[in-house]
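Heads up, the thing below is written out as structure tokens.
The values are calculated or read from the model by the stated rules, or taken from the named source; none is laboratory data. Bear in mind the structure is a predicted one, so any value in this text is a computation, not a measurement. No Cβ is skipped: glycine too gets one built from the backbone with ideal geometry, and neighbour counts run over all protein chains shown. To get the accessible areas, we keep the full protein, side chains included, count just its heavy atoms, and leave off ligands, DNA and RNA. Shrake-Rupley method; radii C 1.70, N 1.55, O 1.52, S 1.80 Å.
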Amino acid sequence: MQRRGFWSSLFGTGPAHDRFSLEELQYLHTTLLRNPVVNDSNREAVVEALRSIAELVIWGDQHDSSMVEYFLTENLLGHFNQILQQRSNRRGNVAMQVLQTLSILIQNLRNQQTVYYLFSNNHINEIVSMRFDFDDDEVLGYFVNLLKTISLKLNETTVQFFFHAGGPPGGGRGSGGASPGASRPASFPLYTESIKFVNHRDPMVRTAVKTLTLNVYGIPLPAVQQFVTSRPASAYFVELATFIGEQCQVLDRLLSSWDVASPQAQGSVETCLAEVEDLLSYCNDVLATGVEPLQELLLDCLWQAFVGPVLFWPLIQEDVAVQHIAALTLGSALVGAGSSAAGALAGAAGSGSGPGGRGGPAEAAAGAQQALQRGTVGPLCSLYIFERLFLAVTDPQLLTLLVSALLGGGPGSAGASLAGSRPGSRPGSPGDGPPSRSQQAAAGVAAAAAARWQIPPGLLARLQYSPAAYRQALLGMLRGSDAQVAAAAVRVLASLLRNRAVSEEQLELIGKLGLLPQRRRKQRQLLKALVGDSPLNSHMLEPSAAAEVEAEESADAAFSDVVSALLGLLSSDLMPPLSLRTVGWLLNQLLAVGKGGAVLSPGQRQALAQAAGRHRAALRQQLQGRWADALAPLVAAEWRRCREDVLRAGPGSVHVAVQTWMQAVLVQELRWQQGATAGGASVPDAAAVAAKHAYLTVQGAVAVLQLQQVLCEGEVPLDPPCPPVSDADVRRGEVREQAQIALAQSQRMHCAVCFTRGQERQAYFAVEGLPAHMKAGQAADLSLLKPSVLQQVAASAPVLLVADPGTKPETGLVLSVAPLMGALPQVDAKHARWLHVKVRPPLRGLLKVLQGSHPGNALLNMQRHLVSGHWVLAFPDADRAASAAQHCEEWAHKMRAVYCQLLHPLLHDGGEGGSGVSACGGQAPLPGTADGKQD
């Protein structure tokens with residue numbers, strides 16, 4: 001691109017000026033000099049000059065060094081500063097263009113010396129310290145982007161241009177009118193200006209602030225580290241922890257709203273939970289810098305404003321877990337933790353009764369009870385935050401503190417268990433003689449391990465309750481009646497096992513608290529046995545043998561408690577199926593020891609068998625319902641997804657967590673809908689409620705039965721036990737409206753029907769869409785059929801139809817269809833020749849809804865899209881109406897037996913024996929009576 005003068009452009013003569021040239025840069029510089037004050041008349045020219053200068057300097061950095069040299073020698077950066085000194089230029093297009101130009105120059109200049117020169121003259125520091133119009137989101141975006149761009153260039157050398165460590169006290173050069181004893185404070189405008197936006201409403205701004213601060217914390221200069229951890233800059237961490245707590249409170253309100261039906265509900269919860277997880281990941285990154293003062297400061301702020309009020313205190317809830325906790329009061333924690341911990345806790349709670357705590361534990365507990373604080377969120381929100389925290393945190397110090405506090409660690413308990421000695425048998429007691437060197441070494445290792453797992457007294461005091469109480473609270477939630485809380489508690493345990501950063505030492509603590517998988521326990525036992533057989537180590541293990549046996553017994557008891565609580569959830573009627581998959585994954589991780597399955601105790605095997613039996617019974621009950629024809633296709637559709645979740649997936653992402661929450665809420669609403677009074681104004685559609693119940697039953701049964709398979713047999717087959725059914729398979733066997741079908745082999749009956757008011761018409765009534773082998777009168781034993789025929793049987797969807805006579809003999813033109821399983825034919829009580837038929841949504845409609853839904857909102861979509869109808873058919877007399885009803889019931893009875901055989905691998909238990917019919921509980925009852933309660 002070239003620029004011509006006015007006369008040259010007019011007459012077409014004169015030399016053309018190169019766009020990318022030193023002359024062009026000089027021309028732009030002259031434009032800035034001619035317009036020292038920016039107003040409405042020259043604003044556009046100044047903005048264009050600023051934009052072009054950045055373009056030319058970047059080009060010159062790569063092709064013509066004279067242009068960069070001109071930019072530096074003529075101090076064009078000083079003109080940028082001068083433009084912004086005019087207060088009116090700190091908003092609008094001028095401010096945005098200056099900030100953008102600086103960002104472009106800093107980001108794209110390749111010559112390091114040029115970058116140093118840009119930073120060295122303090123112009124950028126002055127610009128960063130200016131007060132722009134931050135109410136304008138665009139200006140703020142360009143400003144924060146400039147700060148982030150500068151931070152990407154920071155290192156031990158370049159930070160000196162932005163950070164001033166302060167001067168010595170008194171009368172030095174540049175002290176001005178300062179008093180002789182005063183000192184120049186340290187300053188770091190780049191950092192202090194950015195952290196003001198830690199809680200800004202725009203997530204892009206917050207992300208830029210987090211990027212900048214991490215770049216600053218990565219600079220290995222003690223002066224910089226001291227600045228960010230000293231006042232006033234250290235207040236940033238208080239604001240950060242407070243902001244995390246505020247975001248958790250927003251999440252708590254969303255989780256408590258139960259407003260899953262609104263289109264924005266899922267997105268709002270998912271966005272908020274992802275924001276909290278991002279903040280926790282940022283804290284983990286700060287801890288990963290390895291700067292000890294920074295770590296201590298952040299942990300202290302988090303423990304005070306976030307860990308206590310958001311994570312731990314909400315777990316102690318009267319309506320959730322109090323009945324499951326033996327000792328919740330602070331007084332019991334004081335007694336159990338020993339005198340030193342008691343003093344620290346009592347002092348923090350303000351319950352001390354004089355020096356040395358002479359008032360006793362009872363007085364300390366009484367005073368502590370008055371000072372106890374409640375959590376700022378509910379237990380459900382606390383558990384979801386715990387889950388994301390365990391998945392995001394890799395810092396060993398924070399992870400150790402959280403695990404110790406939540407699962408029963410802390411001074412006195414963890415220290416005593418790892419030290420491995422009881423008071424009456426500890427080495428060095430009177431009569432035992434002086435300890436040997438090996439015993440001293442072993443004692444030193446044990447003491448170091450105990451110190452590692454201790455929670456500092458100050459942090460322990462902020463917990464308010466002993467860690468053992470929180471462990472009891474968590475187990476109580478697993479056994480409680482609140483399915484949402486129980487589902488979230490399961491995800492907490494699963495996320496802890498899923499954390500890849502858990503070290504061997506942390507696994508040892510987890511093992512003592514009941515969460516170490518069996519295979520890892522076997523490996524550790526084998527390793528100890530091998531080490532113990534060595535002559536060099538046998539004498540070191542003898543003094544602590546009794547303590548190790550005691551520790552193993554304690555770990556076994558804790559492990560049994562956790563497994564027992566999880567097995568109990570498998571039989572819960574309110575547990576959402578997505579959570580059952582997580583329970584299955586967790587139990588598989590804890591119990592499986594190899595390809596041959598798990599080694600289960602008799603009690604565990606019985607609990608698993610009882611849970612599987614409950615789900616088989618629920619599946620058999622659904623075979624008598626109005627969606628019996630959908631069970632086999634639903635099993636085939638859920639099988640592989642569930643298998644992946646139980647064997648490999650684990651707790652999953654934020655999206656999966658939100659889907660689990662939505663399903664838990666919708667399952668609770670489904671229970672209310674099933675208990676709604678018939679005939680009420682707000683009673684939901686009965687067919688939709690039955691579809692949701694059938695879907696949940698299939699999901700739960702598949703999850704539990706797959707868990708039983710993997711624990712007892714060691715594997716789950718890849719293919720489902722019944723033929724897979726696709727939408728195309730169902731469509732091929734579907735009887736459609738306006739289709740002409742053959743009625744020669746059908747028992748058709750004449751009736752009258754009225755689809756439009758005042759327009760009654762005569763029609764045929766018949767049962768169609770039956771499997772070919774049944775319609776031909778062949779045996780109903782499916783074991784004699786080929787796989788291709790079995791698939792056709794599974795995809796069959798028999799219907800009742802009304803049809804006009806067709807154009808050919810023995811045919812009919814279908815007017816309307818009603819699925820046979822949901823028809824529930826019933827003769828009118830007052831008019832005996834009238835037959836009432838319910839028109840359930842078709843099978844393909846249900847499968848289509850599920851294909852377009854996530855597991856969490858599938859129930860919601862069923863309620864929206866599955867709508868049933870109603871026929872009233874008039875027959876010539878009462879006998880024919882009763883005969884038509886009996887004909888429908890007979891075919892429905894036969895089809896239920898067929899569906900029972902299709903599901904025989906799931907319904908049959910090795911201990912039950914019998915055929916597929918016996919697995920369904922004998923003779924299936926007539927549908928008119930079995931499903932009447934669901935209507």
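Ranked from largest to smallest solvent-accessible area, with a 1.4 Å probe on the protein heavy atoms, 55, 275, 810, 44 come out as 44, 810, 55, 275. Dividing the radius of gyration of the alpha carbons in region 457-507 by their Kirkwood radius gives 1.06 for Rg/Rh. Per-residue packing, averaged as other Cβ atoms within 10 Å, sorts the ranges 848-855, 740-747 into the order 848-855, 740-747, beginning with the highest.
Note on region 682-831: percent of Cα-Cα distances in each 10 Å bin, starting at 0 and stopping at the bin with the largest distance, equals 9, 26, 32, 21, 9, 3, 0.
Does region 754-897 come out rounded, prolate or oblate, given a ≥ b ≥ c as the square roots of the eigenvalues of its C-alpha gyration tensor, rounded meaning a/c under 1.5 and, failing that, prolate meaning a/b above b/c? Oblate shape, in that a/c is at least 1.5 and b/c is the bigger or equal ratio. The residues 306, 755, sorted by heavy-atom accessible surface at 1.4 Å with ligands and nucleic acids left out, run 755, 306 from largest to smallest. Ordered from longest to shortest, the equivalent ellipsoid semi-axes for region 63-175 are 23, 21, 15 Å, each the square root of 5 times a Cα gyration tensor eigenvalue. Of the listed residues 114, 229, 376, the order by accessible area with a 1.4 Å probe, largest first, is 376, 229, 114.
Quickly rank 694-700, 106-112 as a protection proxy: mean count of other C-beta atoms within 10 Å, highest first. Spell out each step's value before the answer.
On the way: 694-700: 25.0, 106-112: 14.3.
Sorting 694-700, 106-112 by mean packing, highest first, produces 694-700, 106-112.
Measure up 595/894; 595/848; 692/808; 848/894 against 30 Å on the Cα-Cα distance and list the ones that go over. Violating the 30 Å limit, Cα to Cα: 595/894; 595/848; 692/808.
How much accessible surface area, in Å² rounded to 10, belongs to the heavy atoms of residue 553 with a 1.4 Å probe? Spelled out: residue 553, probe radius 1.4 Å, area about 120 Å². Each peptide among 581-589, 208-216, 791-799 gets the average number of other Cβ atoms lying within 10 Å of its residues, and from highest to lowest they stand as 581-589, 791-799, 208-216.
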